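Here is the structure we will look at.
The values are calculated or read from the model by the stated rules, or taken from the named source; none is laboratory data. Keep in mind the model is a prediction, meaning the values are calculated, not measured. Cβ sites come from the backbone with ideal geometry, for glycine too, and all protein chains shown count toward neighbours.
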Amino acid sequence: MHDIKLIRTEPEKVKAMLATRGVTGFVEKVLALDEKRRAIIVDVEGLKAKRNEVSKSIPQLKKEGKDVAPIMAEMKAVGEEISTKDSALKDIDAELKNILMTTQNLPSETTPVGKDESENVEVKKVGEPPKMDFEPKAHWDLGENLGLLDFETAAKISGSRFSLYRGQGAKLERALINFMLDTHTTENGYTEVMVPYIVKRSTMEGTGQLPKFEEDSFKLMDGDSFLIPTAEVPVTNMYRESILSADDLPIAHTAYTACFRSEAGSAGRDTRGLIRLHQFNKVEMVRICKPDDSYNELEKLLSDAESILQKLKLPYRVITLCTGDTGFSAAKTYDLEVWMPSYGRYVEISSCSNCEAFQARRAEIKFKREAGAKPEFVHTLNGSGLAVGRTFAAILENFQQADGSIKIPEALVPFFGTDILD
RNA sequence: GGAGAAGUACCCAAGCGGCUGAAGGGGCUCCCCUGCUAAGGGAGUAGAUCCGGGUAACGGAUGCGAGGGUUCAAAUCCCUCCUUCUCCGCCA
């Protein structure tokens, strides 16, 4: 959600920033509604003040034996006026909230300006794509040949875009989850949480998935419960409607969850393998901090995500998303992309974002710099650390041997048990 | 899922149409007394959001789980929902 005060005080700046994301007309609409809203408030609150005052005097007048019937009649009329104006105000509030809630965040000044993913900026490349003296196979073929993955059975029981891991495959997925969680908790300073996979509407609104992207979510029959698309949703919302003390910050949580995405609109893309599924595993990192620290925190988040790829010795690159490609709630996003031989290019495996106060404003997460200080909004950040299925795929593809076996990265051996998968 | 009970400020808790922005405790903060970790006395203690205001002083609105309704007036009456607790049923 946007900061209405900023829109009031610096409309031109907001306009310019949103233009880089292809949004126009927003500031004008907001200002018009805001002006209307405030005019009604002044009006209706004056009436309420009057009613309060008169109502308070009625018992005394009664005691004095005066006739209060005319006053009560007058107040009845005032009451009706109040309720008419109150409902007009409610409509404007709803309209204003809707606009503020469905318009994407302002980009950070350090986010490169660009219209789509072609204008994202590469920050660095780490590691080299493996050179193979044989024709590399895709992970779905490797996985099925080794009996690790069974997409046919997954489709039979659940439909397309589901995965089924068997035997050593299931164990590898589990080993990756443990490896990631342990790294984040013991080395990177995160506190692990295990959270519900089903959340309420207000929770989805808090992090920005709703109201705009309802059709992208899995909604339960009651109409107000949703399967989480990422652990960012329940974990960030743990702190919804709270005022934290500065000592609590930064908060750093990591969580493993399954994630559920309808993938509406991506029909035909990445139909094979583990890349794009309705249900996938992810280890997530969430950081909540003071506004002054959030860009340092973003670098920390990024390096924590990178630490997993580095330990696994997977080749990857870091890109900064441009204004046009940055997600709805984010002000700045780094994507980590892992080298995927079957695609012949780098594929997203983590997205690390600073949402600044955008989510905090929606979810009402505040902090006090010191006791008695005025509460301020925190900044929230989230990043994958990492998408587990895609990491699985990357390991299979990058560490495949000529005979179709997979060499397990050394860092993973304590979790997986052996150093070769065949 | 069935039957009951309850949700009031940091915590416990009274109130059940106007005198309650909310009694009384506890806690916390400050002060006094006391030669001192005990005890006693006094004072303070909604925080928050929104609106107005030379954006200051200050004033106003909202607010007793949430949302509606009745009324001149609601913590108090009515309706819906949520949460917690107890018992029963079911279940990992």
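Which numbered condition in (1) free of Cβ contacts under 8 Å to residues at least 60 places away in the same chain; (2) within 16 Å of RNA strand B (Cβ to nearest atom) is the only one that residue A:348 fails?
For residue A:348, the failing item is (2).
Those residues that are charged (D, E, K, R), in a helix (DSSP H, G or I) and over 21 Å from residue A:346 (Cβ atoms), I need them from the range A:251-304; list them, please.
A:292, A:293, A:297, A:300
Can you name every residue in the range A:329-348 that is within 15 Å of the chain's Cα centre (by Cα) and part of a strand (DSSP E or B)?
A:332, A:333, A:334, A:335, listed by residue number.
Limited to the range A:373-409, what total is found for residues that are over 27 Å from residue A:108 (Cα atoms), in a strand (DSSP E or B) and touching a Lys or Arg at 6+ places or on another chain (Cβ under 8 Å)?
Count: 1.
Can you find, within the range A:83-129, the residue that is farthest from residue A:340 (Cα to Cα) among those that are among the hydrophobic types (A, V, I, L, M, F, W, C) and not in a helix (DSSP H, G or I)?
Selected residue: A:106.
Do we find that residue A:88 is within 38 Å of the chain's Cα centre (by Cα), small (Gly, Ala, Ser) and surrounded by 13 or more Cβ atoms within 10 Å (Cβ to Cβ) in this structure?
So residue A:88 fits the description; yes.
Given the criterion in contact with a Gly (Cβ under 6 Å, 6 or more places away or on another chain) and at negative phi, identify the matching residue among A:312, A:301, A:249, A:277.
Details: A:312 fails: in contact with a Gly (Cβ under 6 Å, 6 or more places away or on another chain); A:249 fails: in contact with a Gly (Cβ under 6 Å, 6 or more places away or on another chain); A:277 fails: in contact with a Gly (Cβ under 6 Å, 6 or more places away or on another chain).
The match here is A:301.
Being touching a residue at least 24 places away in the same chain (Cβ under 8 Å), within 30 Å of residue A:329 (Cα to Cα) and within 12 Å of RNA strand B (Cβ to nearest atom) is the filter here; which residues of the range A:83-96 pass it?
Selection gives A:89, A:92, A:93, A:96.
Test residue A:122 against the criterion of being without any contact (Cβ under 8 Å) to a residue 40 or more places away in the chain, surrounded by fewer than 18 Cβ atoms within 10 Å (Cβ to Cβ) and either more than 22 Å from residue A:268 (Cβ to Cβ) or under 30 Å from the mean Cα position of the chain (by Cα) (or both), and give yes or no.
no
Any residue at all in the range A:125-134 that is more than 16 Å from RNA strand B (Cβ to nearest atom), surrounded by 14 or more Cβ atoms within 10 Å (Cβ to Cβ) and among the β-branched types (Val, Ile, Thr)?
Checked against the condition, which is being more than 16 Å from RNA strand B (Cβ to nearest atom), surrounded by 14 or more Cβ atoms within 10 Å (Cβ to Cβ) and among the β-branched types (Val, Ile, Thr), the range A:125-134 yields at least one hit.
Has the range A:2-9 got any residue that is modelled with pLDDT under 95 and farther than 26 Å from residue A:363 by Cα?
No, the range A:2-9 has no match at all.
Which of the helices (runs of 4 or more DSSP H) contained wholly in the range A:3-82 include at least 3 residues that are within 12 Å of RNA strand B (Cβ to nearest atom) and either within 30 Å of residue A:327 (Cα to Cα) or among the hydroxyl-bearing types (Ser, Thr, Tyr) (or both)?
Correct list: A:4-9, A:26-63.
Check A:370, A:356 and return the single one that is outside any strand (DSSP E or B), more than 11 Å from RNA strand B (Cβ to nearest atom) and at pLDDT 95 or above.
From the options A:370, A:356, the qualifying one is A:356.
Conditions first: (1) farther than 30 Å from residue A:154 by Cβ; (2) out of contact with any Gly (no Cβ under 7 Å at 6 or more places or on another chain); (3) not small (Gly, Ala, Ser). Residue A:240 passes all but one, so which condition is the exception?
(2)
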